[in-house]
């Protein structure tokens with residue numbers, strides 16, 4: 001099994017990177033959609049269903065599958081012998097950041113449900129600030145993996 005994992009490693013790594021890029025694109029874009037939803041939906045007639053549909057499709061069609069593939073490919077990489085040295089700090093900081101990113105993803109799902117239900121309490125400014133969360137986590141993840149401190 002270890003030989004198979006090592007042989008497939010470059011392919012799994014490529015799949016992981018592609019999934020991460022797709023997931024991150026959604027994590028960057030969805031809070032921005034929420035800003036427009038909160039600030040513009042009342043001003044533009046009949047736009048609420050359009051915002052709801054755009055947000056829902058982004059979550060269901062792009063972000064959720066990308067997150068799942070990211071996790072599966074990442075776990076395969078973690079279990080490939082010789083790839084991760086757990087005596088370093090970087091796998092732990094990356095892992096904690098990925099867990100935080102997943103938590104942020106689920107927070108966005110909850111916020112979308114509240115927007116659809118019409119019970120949102122956050123402003124566009126709140127969503128603009130929250131839009132920085134995936135950026136900070138991405139910086140931690142990339143520095144951890146590249147610098148391997």
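A few comments on the model shown:
- Between the Cα long axis of helix 90-117 and the first principal axis of the chain there is an angle of about 20°, rounded to the nearest 10.
- Compactness of the stretch 20-76 - radius of gyration and Dmax, Cα, Å: 13.7, 48
- GNM top mover of 76, 68, 50 - the chain, alpha-carbon springs below 10 Å: 50
- Solution diffusion estimate, µm²/s, Stokes-Einstein, the stretch 1-41, Kirkwood Rh from C-alpha pairs, 37 °C, viscosity 0.692 mPa s: 262 µm²/s
- Legend: P(r) of the chain from all alpha carbon pair distances, 10 Å bins from 0, whole percents, reading 11, 36, 28, 16, 8, 1.
- Using just its DSSP H runs of length 4 or more, each adding -39500 (n - 2.57), the chain gives a mean residue ellipticity at 222 nm of -26000 deg cm²/dmol after division by all residues.
- Top of 53, 138, 24 by mean-square fluctuation, Gaussian network on the chain, Cα under 10 Å: 53
- Enclosing the Cα atoms of the stretch 72-149 in their convex hull gives a volume equal to 91 cubic angstrom per residue.
- Shown here are the Rg and Dmax of the Cα trace of the stretch 88-127, at 14.3, 46 Å.
- On Cα atoms only, tilt of 48-57 relative to the major axis of the chain in degrees: 10 degrees
- In degrees, nearest ten, helix 2-40 long axis to first principal axis of the chain (Cα): 20 degrees
Every number in this text was worked out from the coordinates using simple rules, so none of it is lab data. For clarity, every value in this text was computed on a predicted model and none was experimentally measured.
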